Each structure stands twice: as structure tokens, then as C-alpha cells.
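Q: Next up is a structure, given as C-alpha cells.
Throughout, read-outs are computed from the coordinates displayed, never taken from laboratory work. Please read all numbers here as calculations on a predicted model, not as lab measurements. Here the Cβ is made from the backbone with ideal geometry for all residues, glycine too, and neighbour counts use every protein chain on show.
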Amino acid sequence: MLRRIANELREHVPFTTFGAVTGIIIMVIIIFGNVPSQVSQTAFYTLHPLHIVLSALATTAMYKKYGNGKIWAAILIGYVGSIGIATLSDVITPYLGGALLGAKMEFEVPFIETSPIPVIGIPKWLLVNPAALVGIIIGYWRPTTKFPHFGHVLLSTWASLFYFTAFGVANWVPLLPFIFIFLFLGVWIPCCLSDIVFPLLFVRKKLPPRNI
């Protein structure tokens, strides 16, 4: 298991770096374009549910492929692995990162937030929770792990970025190098945990030596 985790973390470095770089580029555009925070909030509540769909899909597919396939267990593992760790990477990491950098940050818990999403108008929890169920359904009946895992990392990076600009106020330009670090670390480890490590904790049989 430890060898697999190390391999996964190493293989995720290139596209986690790519995601963080593109995130910084987007943040520069937001800063110099004076994009309103409501736009960033709408972008966050678009990317965060999409991230959850892919996370739930990959987590459920991993458990279905190597576990005993019980549907109730797949639902529970897919929901906790996607909602819980997506909240860690998309919300808690940028919130703590912004706070450590001296930004004024608001704290949101998307899967229980009842306020409407700007522009869309849908209650936040009503968009976030069904996203997990969609991913679980797809992951259980059409299990695949390769592309969803890659997409999960990119969407998580961009969602984390938009959390900074949607719910934080600061002079972001001098903080961009530190934002890059938080984007990288806040996505790199949690995404591997949710898609790989978390579902495999519930698998008893011996795993194959190579990546799935």
C-alpha cells in the first residue's frame, strides 16, 4: 500500500503542477480584470460539484473494482470520499491558506449551505449533494478510474483557486507564489487520498502491483 501511495503521488506531480500553473494564470486574469466575487462564486459552485462528480466516480469505481461490490458500501464510501475530501481540498485548504497569508476569508461548507448560488439561484446544498450521487451511480455501473482521476485533480485545483477569489479579500499579487504552493499541496495529497487510498482501505484482497 505504501509503495502504491508513493507511486501515485509521484505520477500526479506533473498534472497537479499543470493545474496549479493554470490556476495562477486564471487568478491573474481575475485580479487585473477586476472580476466581481459573485462571478468567482458562480465558478466555484460550478467546478466544485463537477469535482465531486469525478471524485465520487473514481472513488466508487476503485472500490467496485477491488472491493466486494456491495452497493450500500459503495454509496457510503463514494459519498464520504468525495464530499469529505473535496471539502478539504476545495474549501478548507484555501480557507486556511488565505487566513495564514493574512487575507480576510469567509468559511463555507457547500454540502450544507442553504443560501442560493449567485446567478444560478439554486440552493448550494441542492447542487453539491446530488453531484456526489451522480458520480456514485456512474462509478458503480460503469467503473473506470483513469480519466476521472486526472479530471478530478484539475477541477479540484481550479475550484480551490476560485474559493480564494470568491470568499477572500486581499492584495493577491504578492501572494501568488504562496497561492501556488497551497493549490499544489491542497490538491496533490487529498485527491490521491480520496481516489486511491480511501476506497482501498475497505478492500481486503491483495492488490495488483501496478497502478489501476
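Q: Summing Lys, Arg as +1 and Asp, Glu as -1, what charge do residues with Cβ under 15 Å from the Cβ of Ile71 carry, Ile71 excluded? Walk me through the numbers before you get to the answer.
A: Working: positive: Lys64, Lys65, Lys70, Arg142; negative: none.
Neighbour charge sum, excluding Ile71 itself: +4.
Q: Excluding Tyr45 itself, what net charge comes from residues whose Cβ is under 11 Å from its Cβ, given Lys and Arg +1 and Asp and Glu -1? Write out the running numbers ahead of the final one.
A: On the way: positive: Lys124; negative: Asp90, Glu108, Glu113.
Net charge in that neighbourhood comes out at -2.
Q: A further question follows. Which of the GluC sites (Glu not before Pro) found in the range 10-118 are in a DSSP loop and have at most 13 neighbouring Cβ atoms, other than their own, within 10 Å? List each step's numbers first, then the result.
A: On the way: sites: Glu11, Glu106, Glu108, Glu113; in loops: Glu106, Glu108, Glu113.
Answer by residue number: Glu106.
Q: Right, another one. Roughly how big is the range 2-200's charge dipole about its Cα centre, with Cβ charges of +1 (Lys, Arg) and -1 (Asp, Glu), in debye to the nearest 20?
A: Values: 10 positive and 7 negative charges, 121 e Å.
The dipole of the range 2-200 has a size of about 580 debye.
Q: Mind pulling up the Rg/Rh value for the range 2-200? Radius of gyration and Kirkwood radius, both on Cα.
A: 0.98
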